[in-house]
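Structure record follows, encoded as structure tokens.
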Amino acid sequence: MAAGPALSGTIVGTDHDFSASGFSLGQICVVCHTPHNSDTSVTTAPLWNHTVTQTNFTMYSSPTLDAAQDAQPTGTSKLCLSCHDGATAIDSFGGNTGTFVMSSATAAVGKNGDLTNDHPISITYDAALATTDPGLHDPTAKSVIIGENGDKTRSGTVADLMLPSNKVQCSSCHDVHNNFVAPGTDGEPFLKVSKAKSKICLTCHNK
Ligand code: HEC
Ligand code: HEC
Ligand code: HEC
Ligand code: HEC
């Protein structure tokens with residue numbers, strides 16, 4: 001059987017399925033997770049097995065940014081940047097040092113530590129920020145449906161489903177396990193909400 005498009009709702013067959021690469025021992029989860037002896041250096045990291053980025057990042061800044069921002073990426077963003085920094089090898093996990101570094105400039109969003117040209121991450125987004133900046137919805141009141149049309153569709157507030165520890169992180173907009181927006185649709189890279197008509201942006205921004 002020819003390989004079809006990745007099934008909606010699963011990591012299988014996506015860019016995050018390294019089971020066809022020799023280094024993965026034919027497994028999927030092991031590159032990022034381990035059931036035992038995980039790396040706990042990043043707070044809230046889920047049983048982490050991948051080498052954590054050592055890059056020093058320059059964060060986004062602008063005169064109109066109201067949100068408080070961490071000095072360096074935290075939480076899930078730090079985990080994503082442990083491959084998407086274009087410096088830490090994809091096959092560095094389980095204590096082994098690998099050699100395959102992400103080469104595509106568009107995929108390596110944190111290359112050379114530069115996050116100045118990316119949507120801000122590791123910023124606090126709570127009800128208070130929405131009061132300061134009425135151009136944002138109150139995340140504790142605004143509802144969202146993520147993974148629409150997939151087999152793991154969930155609905156709840158923006159705060160519950162998109163903001164780990166009340167912060168915008170890479171995982172606010174992306175689901176690392178899931179290309180589940182509109183089955184078979186291209187150009188929706190692991191997005192929790194579709195970018196068609198900028199639906200994902202309008203989930204948080206009151207524009
Ligand atoms: C490319 C790296 C990567 C791979 C491969 C991966 N994960 Fe994850 N996983 C993450 C990251 C990063 C997070 C934290 C972000 C989040 O919670 O969305 C996470 C979070 C989780 C969580 C906790 C949050 C939740 O969604 O329930 C579970 C459980 C999990 N992964 C299970 C798995 C399993 C099982 C596999 C293999 C089938 C797997 N992961 C493969 C990166 C990965
Ligand atoms: C173990 C390494 C690793 C980790 C950890 C990882 N990724 Fe990736 N990711 C990759 C690779 C490799 C690709 C393919 C890059 C390419 O096309 O050159 C990729 C591709 C992507 C893409 C593009 C998918 C597409 O269809 O174009 C997105 C979006 C993405 N990752 C987001 C994330 C987010 C968000 C996290 C954390 C929650 C994360 N990744 C964690 C290795 C990783
Ligand atoms: C506010 C929402 C949001 C946040 C936060 C976010 N992204 Fe994205 N990302 C998107 C959207 C939307 C796209 C699709 C852009 C397009 O196709 O025009 C995208 C695209 C990507 C791509 C594919 C780029 C390409 O053209 O191949 C990668 C890789 C990626 N994001 C990784 C990350 C990582 C890593 C983080 C955290 C450092 C992150 N994203 C944070 C919304 C976000
Ligand atoms: C999960 C919620 C969320 C999503 C989804 C989201 N944003 Fe944001 N965005 C924020 C927050 C919070 C800020 C910080 C606003 C502030 O402090 O002024 C922000 C900041 C920005 C800024 C910088 C504002 C400044 O003053 O410098 C721009 C521009 C922006 N977002 C555009 C977008 C676009 C375009 C999309 C869709 C691709 C998007 N955002 C998706 C929450 C989100």
* Asked: Rounded to the nearest 500 deg cm²/dmol, what is the calculated helix-only ellipticity per residue at 222 nm for the chain, with -39500 (n - 2.57) per DSSP H run of length n ≥ 4?
  -> -3500 deg cm²/dmol
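Which whole-number percent is the relative contact order of the chain (Cα, under 8 Å, 6+ apart)?
20
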* **Percentage of interatomic Cα-Cα distances in the range 107-207 larger than 24 Å** => 23
* If amide H atoms are built 1.01 Å from N in the plane of the peptide, which residues on other chains or at least 5 residues away come under 5 Å of the amide H of F93? -> T51, G98
* Counting only residues 5 or more places away or on other chains, whose amide H sits under 5 Å from the amide H of A108 once H atoms are built in the peptide plane? -> none
* Structure fact -> Placing +1 on each Lys and Arg Cβ and -1 on each Asp and Glu Cβ in the chain, then taking the dipole about the Cα centre, the residue among G94, L25, T153 whose Cα reaches farthest towards the positive end is T153
* At a Förster distance of 25 Å, what's the computed FRET efficiency of D118 paired with T44, Cβ-Cβ distance as r, to 0.05? -> 0.75
* R0 = 25 Å: FRET efficiency of N37 with S165, Cβ-based, nearest 0.05? -> 0.55
* Asked: So, in nm, how far is label A127 from label A196 when the simple model puts each one 7 Å beyond its Cα toward the Cβ?
  -> 3.4
* Asked: Viscosity 0.692 mPa s, temperature 37 °C: Stokes-Einstein D of the range 24-145 from its Kirkwood Cα radius, in µm² per second?
  -> 204
* If you plug each phi of the range 149-161 into the Karplus form 6.51 cos²θ - 1.76 cosθ + 1.60 with θ = phi - 60°, what whole-Hz ³J(HN,Hα) values come out, in order, with x for Gly and Pro? -> 6, x, 8, 10, 4, 9, 10, x, 7, 4, 4, 6, 9
* Structure fact -> Expected sort for 69-78, 12-21, 87-96 on mean C-beta neighbours within 10 Å, highest first, is 69-78, 87-96, 12-21
* What's the angle, to the nearest 10 degrees (0 to 90), between helix 75-84's Cα axis and the longest principal axis of the chain? -> 50
* Any idea what the alpha-carbon Rg over 2.2 N^0.38 Å comes to for the chain? -> 1.04
* Asked: For the chain, can you list the cysteines whose C-beta has no other cysteine C-beta under 4.7 Å from it?
  -> C29, C32, C83, C173, C201, C204
* Structure fact -> Site K152, offset 7 angstrom along Cα→Cβ, radius 13 Å on amide nitrogen, limited to the range 19-37, gives 29
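Every number in this text was worked out from the coordinates using simple rules, so none of it is lab data. Just so it is clear, the model here is predicted, and its values are computed rather than measured. Don't worry about glycine lacking a Cβ; one is built from the backbone with ideal geometry, like all the others, and counts go over all protein chains shown.
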